[in-house]
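Please read the structure below before turning to the comments.
The values are calculated or read from the model by the stated rules, or taken from the named source; none is laboratory data. Just so it is clear, the model here is predicted, and its values are computed rather than measured. Ideal geometry is used to build each Cβ from the backbone, glycine not excepted, and the neighbour counts take in all protein chains shown.
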Amino acid sequence: MTVARILMLSSWLLSVGFAMLALHTAEPTLVQTSHARTTYSGAVGSRIKKAPSKQPVRPETARDHFETGTGAPDPEKLLSQKVFVSYPLKGSVRKRAKQVSFIVLHSTETEKPADAKRIIRSWNNRGKNHPGTQYVVDRDGIIYQTANPRLVTIHVNIHRTRFGVDNHNSVGIETVRSGSQKYTEPQLRSLSRLTVYLRNYFGLTDKQIVTHGYIQPSTRTDPVNFDLNGFRRRCRSISQPHTNIAIDSPRGAQNTDS
């Protein structure tokens, strides 16, 4: 074999060897069919943390404050949220000349059973000057507001009251009752929450919650068969007295021995 042939054969063998080496080390081509699917060592969802769901926080309403005995929302807000039902007095409502220092509890004591609306109508039928409290609590627990508690109504006889109580420094609450009727649970529940609300609104203490019979004993004994001490305990169980008074409400007097 000549030298030339040997050199040509060696060159050919080298080229074949380099080609085979390149073929062995080259990246294989990835062919993905329409049904091919990539798999992972773990589920993707298990490695992605979901953000905790945030429930929207409902803002507290005037009704919430009334039910829990906190805060002192304006009476008009309680009317708009139907905590109170408006049934206005016609006449005998005027501006206050004093700060509210007492909440006076009454019972209607009609000769025959009558609901709150009928009682308020009977007051309105007495002309321009007639009796009436700012609130009447019916036997089913519905609270009727006859006048804004910042205004005055005629619910005590100023010529017969004791301890300085008069219409200008007090708010009256009538509880519907007649004969041998007992106070109902819905009625007591509403009465206690209303009393706590007014106590907070005017910045009063438990001692400033009095009965008509206590401050006017010569002519009145109402609320009849009413446990005032037990009622005060019931009010305390709802909430403690608050010192933060609504900006638009007059501040009541401080501790008053009664």
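Every residue, every condition in (1) assigned to a strand (DSSP E or B); (2) closer than 23 Å to Thr221 by Cα, yes or no:
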{"residue": "Lys90", "(1), (2)": "no, no"}
{"residue": "Lys98", "(1), (2)": "no, no"}
{"residue": "Val104", "(1), (2)": "yes, yes"}
{"residue": "Ala114", "(1), (2)": "no, yes"}
{"residue": "Gly141", "(1), (2)": "no, yes"}
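I need a count of the residues in segment 189-209 that are surrounded by fewer than 21 Cβ atoms within 10 Å (Cβ to Cβ) and either farther than 14 Å from Tyr135 by Cβ or free of Cβ contacts under 8 Å to residues at least 40 places away in the same chain (or both).
4
Suppose we keep only residues that are among the small types (Gly, Ala, Ser) and farther than 26 Å from Lys82 by Cα within segment 166-188. Which one would you say is surrounded by the most Cβ atoms within 10 Å (Cβ to Cβ)?
First, pick out the residues of segment 166-188 that are among the small types (Gly, Ala, Ser): 170, 172, 178-180.
Then keep just the ones that are farther than 26 Å from Lys82 by Cα; that gives 178-180.
On the way: Ser178: 16, Gly179: 10, Ser180: 7.
My answer is Ser178.
Out of all the residues in segment 121-138, which are surrounded by 20 or more Cβ atoms within 10 Å (Cβ to Cβ) and assigned to a loop (DSSP other than H, G, I, E, B)?
Here is the first cut: in segment 121-138, the ones surrounded by 20 or more Cβ atoms within 10 Å (Cβ to Cβ) are 123, 132-138.
Across segment 121-138, the qualifying residues are Gly132, Thr133, Gln134, Asp138.
What's the number of the only condition in (1) farther than 17 Å from Gly69 by Cα; (2) modelled with pLDDT of 90 or more; (3) among the acidic types (Asp, Glu); (4) in contact with a helix residue (DSSP H, G or I) (Cβ under 8 Å, 6 or more places away or on another chain) that Asp257 fails to meet?
(2)
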